[in-house]
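S.K.: Below is a structure I'd like to ask you about.
Bear in mind that the values in this text are calculations on the coordinates, not laboratory data. None of the values given here were measured: they were computed from a predicted structure. Note that we place each Cβ from the backbone using ideal geometry, even for glycine, and neighbour counts take in every protein chain shown.
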Amino acid sequence: FKVQSPGSELSSNAPASKPIALKRNKDTSCGLFLPTSFQFNMRLISIALLLGLGLGHSNAFAPTRSSTASRSIISNSQLFAEEGDDDDILKPKYEIEPLPLRVGHGFDIHRMAPLEEAGQPVVIGGVTIPHKDQKWTDAEGKYVEKGGIYETQLGVVAHSDGDVIYHSIVDGIFGALTLPDIGQVFQDSDPRWKGCDSSKFMEHAYEVMTDYGYQIGNIDVTLILERPKVANFKPGMKDNIVKLLKTTPGRVNIKARTHERVDSVGELRSLSCHVVLTLERIEK
């Protein structure tokens, strides 16, 4: 005899008055198929039962419980379209509900090193920070004895321009929308982002935010670095953020603090940033 896919006929080459119709038994979770007619021989029902229980290695009669279980443990990569496509990874298969207010947090940290090693200057909030030679701790002994102080111009070590404020804001926007983090969207292994001006990331985050029907509620930035001092540059950073995200000065705040000479930040070997922000639903 020949078995067809579920919901189709089960027929035999042996003489019979008509094929036996099958239907799914709704009272069992294993997906067993039973005939509606009792006019069949016992031999046929035994074979059908074996196939229905999965003993015949037939995918057509595989238990439905297994497929249900597999759907409940979908991996994160399956929730999003194929990795590598920036547009698809920001369009999850689940619904991003139109909540009136969303809260996001972003964080970023980058190494600082002598300018000749970093290959690019210190850029924060879209502002290049000019400075005198700083007392950088040479933890690895590349320029002076290990742990000694090397006075030098500083740069940021990063795949893009290493702008910790912009990166943290973008991460906060994506987080508020339950989207992947900035490292997944703009991967540091992608040559497109090598040395990239991070304002491009901000522009893309703005488009994503507005496409989902949101605007900036407010942004609170905490920049953490020992040196160089940035107090005089904060107004320019704020102005850049306001323009890129098309918001107002009363919705953006930038704070800066040192790390009290503690760990890599305090030794001028890194800088970091935290951002907390809210997104408001755009009224139509």
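S.K.: What does the charge count near Ala139 come to, summing +1 for each Lys or Arg and -1 for each Asp or Glu among other residues with Cβ under 12 Å from its Cβ? Intermediate values should be presented prior to the final figure.
M.R.: Working: positive: Arg111, Lys142, Lys146, Arg269; negative: Asp138, Glu140, Glu145, Asp263, Glu267.
Charge balance in the 12 Å sphere: -1.
S.K.: Does segment 128-284 come out rounded, prolate or oblate by the C-alpha gyration tensor, with a ≥ b ≥ c the root eigenvalues, rounded set by a/c under 1.5 and, if not, prolate when a/b is larger than b/c and oblate if not?
M.R.: Numbers: a/c = 2.50, a/b = 1.80, b/c = 1.38.
Here segment 128-284 falls in the prolate category.
S.K.: Relative to a virtual label point 7 Å from the Cα of Lys135 in the Cα→beta-carbon direction, which members of segment 226-250 show backbone nitrogen distances below 13 Å?
M.R.: Inside the label zone: 227.
S.K.: Could you point to the residue in Ile241, Cys196, Val276 farthest towards the positive end of segment 176-284's charge dipole, with +1 and -1 charges on the Cβ of Lys/Arg and Asp/Glu respectively?
M.R.: So the residue we want is Ile241.
S.K.: Further question: Tally Lys and Arg at +1 and Asp and Glu at -1 over the other residues with C-beta under 13 Å from the C-beta of Cys273: what net charge comes out? Working shown, then result.
M.R.: Numbers: positive: Lys234, Lys255, Arg257; negative: Asp108, Asp163, Asp171, Asp220.
Charge balance in the 13 Å sphere: -1.
S.K.: Among the listed pairs Lys146/Lys229; Lys93/Lys243; Lys93/Lys284; Lys194/Lys246; Lys200/Lys255, which are separated by more than 29 Å between their Cα atoms?
M.R.: Pairs exceeding the cut-off: Lys93/Lys243.
S.K.: Length gain on complete extension for the stretch Glu203 to Gln120, per 0.36 nm per residue less the alpha carbon to alpha carbon distance?
M.R.: Numbers: separation 83, 0.36 × 83 = 29.88 nm, distance 2.19 nm.
Residue separation times 0.36 nm, minus the Cα-Cα distance, leaves 27.7 nm.
S.K.: Relative contact order for segment 116-205 using alpha-carbon pairs under 8 Å, separation at least 6, rounded to a whole percent? Before the final figure, lay out the partial values.
M.R.: Details: 127 pairs, mean separation 25.5, N = 90.
Here the relative contact order equals 28 percent.
S.K.: Specify whether the C-alpha gyration tensor of segment 126-175 places it in the rounded, prolate or oblate class, a ≥ b ≥ c being the square roots of the eigenvalues: rounded for a/c under 1.5, otherwise prolate if a/b is larger than b/c and oblate if not.
M.R.: Numbers: a/c = 3.61, a/b = 2.11, b/c = 1.71.
Judged from the Cα gyration tensor, segment 126-175 comes out prolate (a/c at least 1.5, a/b above b/c).
S.K.: Bin by bin, in steps of 10 Å, what percent of the Cα pairs in segment 162-217 do you find, going until the bin that has the longest distance?
M.R.: Result returned by the calculation: 24, 59, 17, 1.
S.K.: Another question, if that's okay. Excluding Ser160 itself, what net charge comes from residues whose Cβ is under 9 Å from its Cβ, given Lys and Arg +1 and Asp and Glu -1?
M.R.: Working: positive: Lys194, Lys200; negative: Asp161, Asp163, Asp188, Asp197.
Once positives and negatives cancel, what remains is -2.
S.K.: Determine the principal axes of the Cα atoms in segment 188-276, then give the extent along each, sorted from largest to smallest and rounded to whole angstroms.
M.R.: Principal extents (largest minus smallest coordinate, Cα): 43, 37, 20 Å.
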